[in-house]
Amino acid sequence: MIVAIDGPAGAGKSSVARALSARLRFRYLDTGAMYRALTWLALRQGIALDDVTSLEELARENPIEFDEGEGVTIAGHDVTARIREPVIDSSVPIVARHPEVREVMRERQRALGEQGDSVIEGRDIGVVVAPHAELKIWLVADPRVRAERRHAERDGITVDMTADDMRRRDERDAGNTHRAEDAIEVDTTSLSLEQVIDRIERLVRERAA
Ligand code: DC
């Protein structure tokens, strides 16, 4: 079974997808981490973020690897922490915008998703990567709560700066963020992580039955 979890930044996708996969004993695939890792490598190699040909080649030649925990590796570098830095936050939408790059990533995401029961987190999973997913969740939350959550994960910036930054990112990510018609919306604004997981787990059990 594939559980697709899509929605904007800060709606709780990562926390929810990770905890849900642990509870269900499904694999967890963080597709945002793949775009982040590629962006990190492009910056490191001095590749311009609008150089589509080089970015596509970079993506083809450097598959992203996930370890059992939360580790992310690209081109032999453990980038787990580095892909969460502000410079990646601001650069990744530019890289993720290129259709040629997305196609390479989507092929990999589909291949990883076919390896067994998976929770796949992203922006376009239910519509493009895994339209056949048995359960599609669209996670949303109030913008202020989203900014506060993102802020809690980052050092050195205020909540207001985070809110502005997220607004800009939402605008840049909008073209790649798709809600599937058959997705079930879960608003996480006033729910605890546990409550969100319980709700989705119930839906998984219903679909599986
Ligand atoms: O969810 P996140 O913040 O880690 O995502 C990082 C970036 O990648 C963000 O700009 C949205 C983009 N993304 C995407 O375009 N498609 C996905 N399936 C996942 C993420």
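Side notes on the structure shown:
- Of everything in the range 1-57 that is within 13 Å of the ligand (Cβ to nearest atom) and assigned to a loop (DSSP other than H, G, I, E, B), the residue that is modelled with the highest pLDDT is Leu49.
- Close pairs from the range 170-196: first touching a residue at least 40 places away in the same chain (Cβ under 8 Å) and among the basic types (Lys, Arg), partner part of a strand (DSSP E or B) and within 10 Å of the ligand (Cβ to nearest atom), Cβ under 7 Å, at least 6 apart: Arg179/Asp6
- Candidate set from the range 74-99 (those that are within 14 Å of Leu58 (Cα to Cα) and among the β-branched types (Val, Ile, Thr)); member that is nearest to the ligand (Cβ to nearest atom): Val95
- Boolean, Asp165 is within 16 Å of the ligand (Cβ to nearest atom), more than 16 Å from Leu139 (Cα to Cα) and part of a helix (DSSP H, G or I): yes
- Members of the range 100-116 found to be of a type in the set (S, T, N, Q) and within 12 Å of the ligand (Cβ to nearest atom), listed by number: Gln109
- All of Glu68, Glu107, Glu121 fail the test of being modelled with pLDDT of 95 or more and either part of a helix (DSSP H, G or I) or surrounded by fewer than 14 Cβ atoms within 10 Å (Cβ to Cβ) (or both), apart from Glu107.
- Of everything listed in (1) under 27 Å from Met1 (Cα atoms); (2) of a type in the set (Val, Ile, Thr); (3) within 12 Å of the ligand (Cβ to nearest atom); (4) under 14 Å from the mean Cα position of the chain (by Cα), the single unmet condition for Val119 is (3).
- Scanning the range 149-167 for residues that are surrounded by 13 or more Cβ atoms within 10 Å (Cβ to Cβ), over 22 Å from Ile125 (Cα atoms) and touching a residue at least 60 places away in the same chain (Cβ under 8 Å) gives Arg149, Arg154, Ile157, Asp165.
- Checklist (1) crowded, with 17+ Cβ neighbours inside 10 Å; (2) part of a helix (DSSP H, G or I); (3) away from the ligand (no atom under 13 Å from the Cβ) applied to Val186, failing item: (2)
- Check on Glu56, in contact (Cβ under 8 Å) with a residue 24 or more places away in the chain and surrounded by fewer than 23 Cβ atoms within 10 Å (Cβ to Cβ): yes
The values are calculated or read from the model by the stated rules, or taken from the named source; none is laboratory data. Everything quoted here is computed from the prediction, not taken from an experiment. Cβ coordinates were reconstructed from backbone atoms using ideal geometry, including for glycine residues, and neighbour counts include every protein chain displayed.
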